[in-house]
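Data block below; observations after.
The values are calculated or read from the model by the stated rules, or taken from the named source; none is laboratory data. For clarity, every value in this text was computed on a predicted model and none was experimentally measured. Because the Cβ atoms are built from the backbone with ideal geometry, glycine has one as well, and the counts that use them run over all protein chains shown. The area values use the complete protein model at the heavy-atom level, side chains included, leaving out ligands, DNA and RNA. Shrake-Rupley method; radii C 1.70, N 1.55, O 1.52, S 1.80 Å.
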Amino acid sequence: MDTREQQIAEHLGLVHHVARRFRSHADYDDLVQVGTLGLIRAVDNFDPALGHSFSSYAVPSITGAIRHYLRDQSASIKVPGRLQEAAARTSRAVDQLTQSLGRSPTVPEIAQSLGISQDQVLEAIEANHAQAIVSLDAEQAPTAQLGRTDSELEQVETRIAVRQALAQLTALERAVVEQRFYRGLSQSQVAKDLQISQMQVSRISARVATQLRDLLIDV
Amino acid sequence: MTVLINVPAEASYANVLRTTAAAMAARCNLNYDRLEDARLAIDEAFAQIIAFAQSDSHVECSFQEAPRDLSFVLSCPTLLDTPLPTDSFSWTVLSALADELRAVVHDGELAIHVRVHEPQEVSV
């Protein structure tokens, strides 16, 4: 057995443990299968150089794969009741907003995009978890779903790449990026804070944006 | 703000805590992923704590809300007089979901502290 297989085999217990948490929502064997794919992805993408333990990398990958699968399932219900429909719409909204915002959305954001109240979103989230769906959709063979790209997992890779890219910046560049893009300060505020000219802030912002873009194209 | 909830130490009450955790996470304005993490984390923590709870006891859960930051402490009377084992799958999963995690056994009480928050992302 090579190390990859070994690592997968060693951590299958984790998959079973997580799958058990969701077993009221779907067929246990299906959950284990999907979770195992999350594990395999984690094994393939894990970079020990980043200093995290494997399990802290694998668990989000496994739970992410399972949740994604459950969300897909709820989105596939054809003629649902009122609440189930809200649940399915919420699932889709989460996926769409995650795409468009480039991060996971908040409950108010989900509520706003669907034109429903925050309480209704919470109800929908509960409904998504509560429904034990038996798929009668025979055409939807499990393999068809298993082969899909998991957008959440791809984002993990992007996040890691961004983190590495930011690590290569100079202290001044990083300060500008932090203040401009994470604290949301205006160019003039940043200039004042860092005691540099507004022109410099603008130049550094543009330079860093280009650098990051170049680095990320290679991902 | 602090929210307190007290449930019997029985597995069937996990859903009460999950639902409350989700509602609290939404109050904190945590994003969807972190909300889901909080739900799963409280489930794990509750499973851990009832495994070591004294029979017929109650679990007290105290939630502490802050902007994009949810902490909760589950506590109950326990027969444990040694530290909570941390080599279980459950603990591994819990530590991956939580940003801060610790279990304290003191004076016949077991408490599990969990914190889920949104980090200042990419503060390298």
- Over the Cα atoms of chain B the radius of gyration and the largest Cα-Cα distance (Dmax), both in Å, equal 13.9, 48
- Calc'd 3J(HN,Hα), the range A:17-34, phi into Karplus 6.51 cos²θ - 1.76 cosθ + 1.60 (θ = phi - 60°), Hz, glycine/Pro = x, comes to 4, 5, 4, 4, 4, 10, 5, 6, 9, 6, 4, 4, 5, 4, 4, 5, 4, 5
- Task: Would you work out what percent of the accessible area of the range B:1-111, with all protein chains in place, is carbon or sulfur (probe 1.4 Å)?
- Result: 50
- Please state the relative contact order of the range B:2-117 as a whole percent: Cα pairs under 8 Å, 6+ residues apart? 28
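Apply 1/(1 + (r/R0)^6) to the Cβ-Cβ distance of A:Arg20 and A:Gln112, taking R0 = 41 Å, and write down the FRET efficiency to the nearest 0.05.
Values: r = 35 Å, r/R0 = 0.86.
That gives a FRET efficiency of 0.70.
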- Among B:Cys61, B:Cys76, B:Cys28, determine the one that fluctuates most according to a GNM of chain B built with springs between C-alpha atoms less than 10 Å apart. B:Cys28
- Message: At 1.002 mPa s and 20 °C, plugging the Kirkwood radius over alpha-carbon pairs of the range A:3-69 into Stokes-Einstein gives what diffusion coefficient in µm²/s?
- Response: 182
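What accessible area, summed over both chains, is buried at the A-B interface (1.4 Å probe, Å², nearest 100)?
Chains A and B together bury approximately 2700 Å².
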- Task: Sticking with the crude label model, points 7 Å out along Cα→Cβ, report the distance from B:Val3 to A:Ser202 in nm, one decimal please.
- Result: 4.7
- Message: Taking amide H atoms as placed 1.01 Å from N in the peptide plane, list the residues 5 or more away in sequence, or in a different chain, whose amide H sits under 5 Å from that of A:Thr106.
- Response: B:Tyr32
- Using a 1.4 angstrom probe on protein heavy atoms only, which residues from the range B:13-40 are buried by at least 30 Å² of accessible area when all chains are present rather than their own chain alone? B:Ala26, B:Asn29, B:Asn31, B:Tyr32, B:Asp33, B:Leu35, B:Glu36, B:Arg39, B:Leu40
